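Presented below is the structure to which this report refers.
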Amino acid sequence: MNLLFPLMFLMSVPDPLLISAGDQLFREQRYHEAIQSYSRSIEQDPNSGEAYWRSVRAYICLGDISGESQQQYYHAAYDLSLKALKADSMNSNVQCWYAVSMGYQAITEGSRRKVELCNSIKRSLDKAIELDPNNDVAYSIYGTFYRALGNINWIERKLAGMLLGSLPRGGYAEAEQMLLTAIRLAPNIIRHRYELGLVYFDTGQKEKGKKIFTETLLLPQTLASDQVRIGDMKKRLAE
């Protein structure tokens, strides 16, 4: 009896425990180890988007806490997000984390490329929400995206339209609605509420922002980068 083919078949089946183990490591904020677990899953099944988008998320989280070396993690996240998109473009989380990785790419790009990436980010977030209307992360990232657009004044928009291409429409009002939706879907995530508080501070609603921050400080930390958010909220509340 030839056992080679059955053995090869079994070896090619991805082990769901690798993703589960990676998720547990991610929750424990052990991002390097989580990436290793996801990478082993990708080796077993390079055509599945699930391990890819989780790896992108972990690399982003590493970048957020890595200081001078953060760009290498953001670049790794972007490269993996392209592979994730190729593997499964109809996965809401793939589209969402592709948008996140593009946002970090935009930071180091020139003006024209920034405008191009803004429109690409919007398309991916729209797709993520279309594929899963309950994707709280997509709404949260969209809120940040619209808050950034709210910081662009009318003259800058006109110049961008004339010289570089049109920026997406939207601003603080859209940011607030997106973040309120994210909070409704996942009320205990610090990032969602922190970003909403920033919208209120940016729009001169300081007391409203302080109220949000006071409530947010009671929530459990779920990401290593929450420490930075907690520090900023405490500083703003003390002012």
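Side notes on the structure shown:
- Residue-wise HN-Hα coupling along the range 191-204, computed from phi with Karplus coefficients 6.51, -1.76, 1.60 (Hz; x: Gly, Pro): 4, 4, 6, 4, 5, 5, x, 5, 4, 5, 5, 5, 9, x
- Low-density loop positions, trypsin sites (Lys or Arg not before Pro), the range 167-239 - DSSP coil, at most 16 other Cβ in 10 Å: 169
- Sequence-distant lysines (8 or more away, or on other chains) whose Cα lies within less than 21 Å of residue 211: 234, 235
- Packing-based exposure ordering (other Cβ within 10 Å, fewest first) of 115, 228: 228, 115
- Hits among lysines - C-alpha to C-alpha of residue 86 under 23 Å, sequence gap 8 or more where chains match: 114, 122, 127
- In terms of other Cβ atoms within 10 Å, 192, 32, 75 run from fewest to most in the order 32, 75, 192.
- Within-13-Å neighbourhood charge of residue 217 [Cβ basis; K, R +1; D, E -1]: +4
- Positive contributions from Lys and Arg (+1) and negative ones from Asp and Glu (-1), summed over other residues with Cβ under 12 Å from the Cβ of residue 180, come out at -2.
- Under-5 Å amide H pairs with residue 224, H placed in peptide plane, nonlocal only: none
Bear in mind these aren't lab numbers, they're just calculated from the coordinates by the rules spelled out. Fair warning: this is a prediction, and the values are worked out from it, not measured in the lab. Neighbour counts run over all protein chains shown; Cβ positions are idealised from the backbone, glycine included.
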